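The values are calculated or read from the model by the stated rules, or taken from the named source; none is laboratory data. If you're wondering where the values come from, they're calculated on a predicted model, not measured in any experiment. Every residue, glycine as well, gets a Cβ built from its backbone with ideal geometry; the counts of neighbours run over all protein chains shown. SASA here: full protein model, heavy atoms, side chains in, ligands and nucleic acids out. Shrake-Rupley method; radii C 1.70, N 1.55, O 1.52, S 1.80 Å.
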Amino acid sequence: MRTFCWLVAVVLVVTADSKGPGLKTRITDKALNYAADVALDILSKQITGLVIPDQHGSSGDVSYDLTGLKINGFGKPNSKISTKPNVGLTLTTTGSSLNVHGNFHYKYHGIIPISDSGSFDLRTSGINFAIEIRLGSDSTGHPTMSSFGCTCSVASADITFHGGTAWIYNLFSDLVADKLKDMIGGGNGILCQQLVHLINVNGMESLKNLPVTVEIAKLFLLDYRFITTPSFQPTFMESYHKGEVYWKPDPQEAPLPLPALLPSSDTSRMMYLWVSDFLFNSMSYNAFKYRQLQYNVTNKDLPGGVLNTTCSKLTCIGKFIPEIGKRFPNTTVMLYMKSTSMPNMTVQNGSTVVNAAGDIVFFAQQPGGKYTYFLTLSATMSSTISIMIQNETIRGKVLKLPIAVKVKDSKIGQLSPQVLDLVLKGVITLFVEPKLNELGSKGFPLPVIESVHFVDTQLYTAKDTLLIATNLNQAGINKNKPSIHETCKGITSNGLNYAVNVALDVLSKDITNKAIPDQHDKSGSVSYDITGMKITKFTKPTSTVSLQPGGLMWRTSNIDIGLHGDFHYKYKKGIIRISDHGSFDLTGSGITIAINLIIGMDSMGRPTISSSTCSCSVRATGIKFHGGRAWIYNLFRGKVAKKLKSSIEGENGLLCKQLTKLVNVDGARKLAQLPVSVKFARKFLLDYSFLSKPAFSSGFMETYHKGEVNWYGGHGNIPFDAPPLPAGSSSSKMLYLWLSDFLFNTMSYTAFSHGFLTYNVTDKNIPGGILNTTCKNMCIGKLIPKIGQMFPNSQVMLNLRSSTMPNMTAFNATTKVDADGEIKFYATKGKGKVDYFLTLSANMSTTISITVKNEKVFARVLKLPINVHVKDSKIGHLNDFMLNFIVKKIITTFVEPKLNELGGNGFPLPIIGSVHFANTELLIHQNSLLIATDVKYLQ
């Protein structure tokens, strides 16, 4: 009942408000009927074993007592919940049954008194009941629900007595059965009483646990109160919630605009939640207003003494900025970081960005705990974050946090912007980003009762809105479907009907002006020739496609056709001879066609299509002659019309021939153009060949493809298997493509095993002379003095090489690539002189953004953190902290653009060239990408 109550609660009125919603929910009929199913499971358990009060009565000369009555069986009924505007919900059930066992004692008061006792079993069937559920709220803002107008009918009741004299039992068996039947049925019967109790008592108990306000970080209050009455549609109901975060000690409205929420008509999932970025920005507003966005960063927050002013190596702020070390020796620096304006979150198509601005104020600690101010930097950040749903909570993680700083005020003279940027990026990486991720991991809890959990959850980001689409599961109940394997593509009924609509456009063009063979015949005294026949009119019919084992059935109806031709006749009877010629027009109407299409695959894994049977009928024809003598035309008009009708209809008629050609020739030619292997990047071959014949269900067909990348010119064995793909239930789009991360990992394996993942980075790839060993400002020889001392006036070359196969993992709304490698350092001077001096081991965990455009899958790096350690050094001990700074500079300047260049080439999808995606959505699941799209055919 908790599931049912929570779903109901999500659509209740709690308070009135002048503002629009910051959160909206949609509960579909799938969720309501799931909830009703769970509630009936609970009702079954509650009613089985229920004790019924003893009954006493008489019938004529017989008096009886029924005792120890107990329900020992309840057949769960079929159920349906429907919405009722301005009221709530109506639950109706049919086909239930109920069994009762008890004891009886009777006395027969006739001439010969008789008494006896025994037991009995009552079986009732055809039980139907209905109840209305009204929705409301109490004075504390919690939702309420109450039942109204319960009705229950019992179609039949049969009773069997055990023991005693049967002929006497029959005197009162009907009376007992009717009495017990009345106790079970009716508005005040046992079933209605139990159902009312389930809603009014159990249901209300569950609703008390539904959170309408949630405390966050002990300082903020997340308000999920409802602001208007729910709206009811035939297949769903919607509710509108406050969706705002207040300062807990002083709740006040945030003076921020509330953008409109993304519209959507989808109802394929059980529940939808729209969350406005207003919700997050209201928290940001209050955090800024009440000075929560400020922090003192000290050496306790950063490792390795980075904020020391004096150190022996180039690893502290006093070395990075020598003026600080000179002015404030042997102390530490404190950074006072504060926002100067409210951070603003913007949700847009496919990404979530937080823009922030602030000041970073530098102080040097003095003896006695005092601090001396010496520098203020202004900073701006535009952070890209990943939003995910875990355990019914919205959580966030920083993907990319670029920062730009400039000197606002300095008491220590002019400072190098490059050095300041280097120092601040270290502070951001080591302190700010982990702090933000700690906050994001706590998340925003969604208004869900504890025992209800999200399953098969999808997260969409659109303008100003997060849209969560999910199914639901009551704890302990699992009704999910098994998943399928390998890479697959699903084409829904919408897609198939669009395809046949396009095919009919082609048929209309092909058949108009189509010539029909000449006809010659005789009717009595008249012989005739019909020549030059051509179709002049073909009206596009209505059509449907239905799926059946092995293929499709395509049916069209209401075709009208027009035909023009010439005639010549000769009339010969006795000595009378007449001949004439002219033209005629034939019309055919009410034409229907049905053709069976077989979809399969050839030995090369390419799809095939063929027609097996075709039928065509013409309801009516009419013919009109032009020129000559009408009375003679009438002699053969019917026969000519019938002959022309027979040439149009039937399996061998004109229309079936044209349709068969459209399928077997034109359709087969189009499928022959479908790429099942695609060469890309000159070295790789993407294999989309079929693994098996398509599978057909009631609303869609699915195809299963290899989805593997091999080295062009040779097919090696991939030493790992594809993970199972998630199940999909939606069919609102025309086409669904599931892409396993196996596809991308096979490319990674192939590239690694063929030595493709190696590159030499030189000064040509990195601007600004960063790889010089000698310089005035900033270069590798300055940052690591040993390199400058051992190899002066040279340049460093880096050999980047993967040491293991990079591995891509797709999971809830995020795609990551993990990689390990080595970076070898060489000093080069002039031509040919190369001195090896250092090897670093490196590991990266890259977060990437996946997009679909122009029927290709594209990737872009969002965040590329790297950690390096010295593996071998010919120049002595080196500091890992400084090496990480240098390598991150190289990653940002060279590696990331290179990866984005590769991701910008994209993976081509198996689509015919004239077919294009429209209204495309990309969903990221465990181990897979799901592309949901409509299509357009452009010639």
Determine whether the range 384-404 contains at least one residue that is open to solvent by 50 Å² or more (accessible area, probe 1.4 Å), touching a Lys or Arg at 6+ places or on another chain (Cβ under 7 Å), small (Gly, Ala, Ser) and within 20 Å of residue 845 (Cβ to Cβ).
no
Taking the range 779-802 and keeping only residues that are touching a helix residue (DSSP H, G or I) at 6+ places or on another chain (Cβ under 7 Å) and open to solvent by 40 Å² or more (accessible area, probe 1.4 Å), one is left with 782
If we keep just the residues of the range 854-864 that are without any contact (Cβ under 8 Å) to a residue 60 or more places away in the chain and closer than 24 Å to residue 383 by Cα, which is surrounded by the fewest Cβ atoms within 10 Å (Cβ to Cβ)?
860
Over the range 666-687, the set of residues in contact with a Lys or Arg (Cβ under 8 Å, 6 or more places away or on another chain), at pLDDT below 80 and over 21 Å from residue 510 (Cβ atoms) is 674, 676
What pairs come out if I take residues in the range 303-314 that are under 17 Å from residue 784 (Cβ atoms) and pair them with residues that are polar (S, T, N, Q) and open to solvent by 40 Å² or more (accessible area, probe 1.4 Å) whose C-beta lies under 8 Å away, six or more apart or interchain?
306/299; 313/879; 314/879
So, in the range 602-622, of the ones that are of a type outside the set (S, T, N, Q) and more than 20 Å from residue 545 (Cβ to Cβ), which residue ends up farthest from the chain's Cα centre (by Cα)?
622
Please enumerate the residues belonging to the range 266-316 that are of a type in the set (Phe, Trp, Tyr), open to solvent by less than 20 Å² (accessible area, probe 1.4 Å) and either out of contact with any Leu (no Cβ under 7 Å at 6 or more places or on another chain) or assigned to a strand (DSSP E or B) (or both).
272, 274
Elements of type strands (runs of 3 or more DSSP E) in the range 682-745, at least 1 residues being without any contact (Cβ under 8 Å) to a residue 40 or more places away in the chain and surrounded by 17 or more Cβ atoms within 10 Å (Cβ to Cβ)
684-687, 708-711
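Going by the structure shown, is residue 850 open to solvent by less than 40 Å² (accessible area, probe 1.4 Å) and touching a helix residue (DSSP H, G or I) at 6+ places or on another chain (Cβ under 6 Å)? Spell out the reasoning first.
Values: open to solvent by less than 40 Å² (accessible area, probe 1.4 Å): yes; touching a helix residue (DSSP H, G or I) at 6+ places or on another chain (Cβ under 6 Å): no.
No; evaluated as a whole, the condition is false for this residue.
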How do the pairs read when you match residues in the range 773-798 that are without any contact (Cβ under 8 Å) to a residue 60 or more places away in the chain and part of a loop (DSSP other than H, G, I, E, B) with residues anywhere that are among the small types (Gly, Ala, Ser) and open to solvent by 40 Å² or more (accessible area, probe 1.4 Å), using Cβ under 9 Å and keeping only pairs 6 or more apart or on different chains?
779/768; 794/830
Here the residues within the range 360-372 that are in a strand (DSSP E or B) and open to solvent by 20 Å² or more (accessible area, probe 1.4 Å) are 363, 365, 371, 372
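Does residue 756 satisfy the criteria of being farther than 23 Å from residue 605 by Cβ, part of a loop (DSSP other than H, G, I, E, B), at pLDDT 80 or above and not small (Gly, Ala, Ser)?
Answer is yes for this residue.
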Of all the residues that make up the range 80-99, how many are surrounded by fewer than 18 Cβ atoms within 10 Å (Cβ to Cβ) and within 28 Å of residue 49 (Cβ to Cβ)?
6
Kindly evaluate residue 734 against the criterion of being modelled with pLDDT of 85 or more and either out of contact with any Lys or Arg (no Cβ under 7 Å at 6 or more places or on another chain) or not β-branched (Val, Ile, Thr) (or both).
no
Pick from the range 220-232 the residues that are open to solvent by 20 Å² or more (accessible area, probe 1.4 Å) and touching a Ser or Thr at 6+ places or on another chain (Cβ under 7 Å): which of them is farthest from residue 86 (Cα to Cα)?
221
Against the definition (closer than 19 Å to residue 284 by Cβ and in contact (Cβ under 8 Å) with a residue 40 or more places away in the chain), how does residue 399 come out, yes or no?
yes
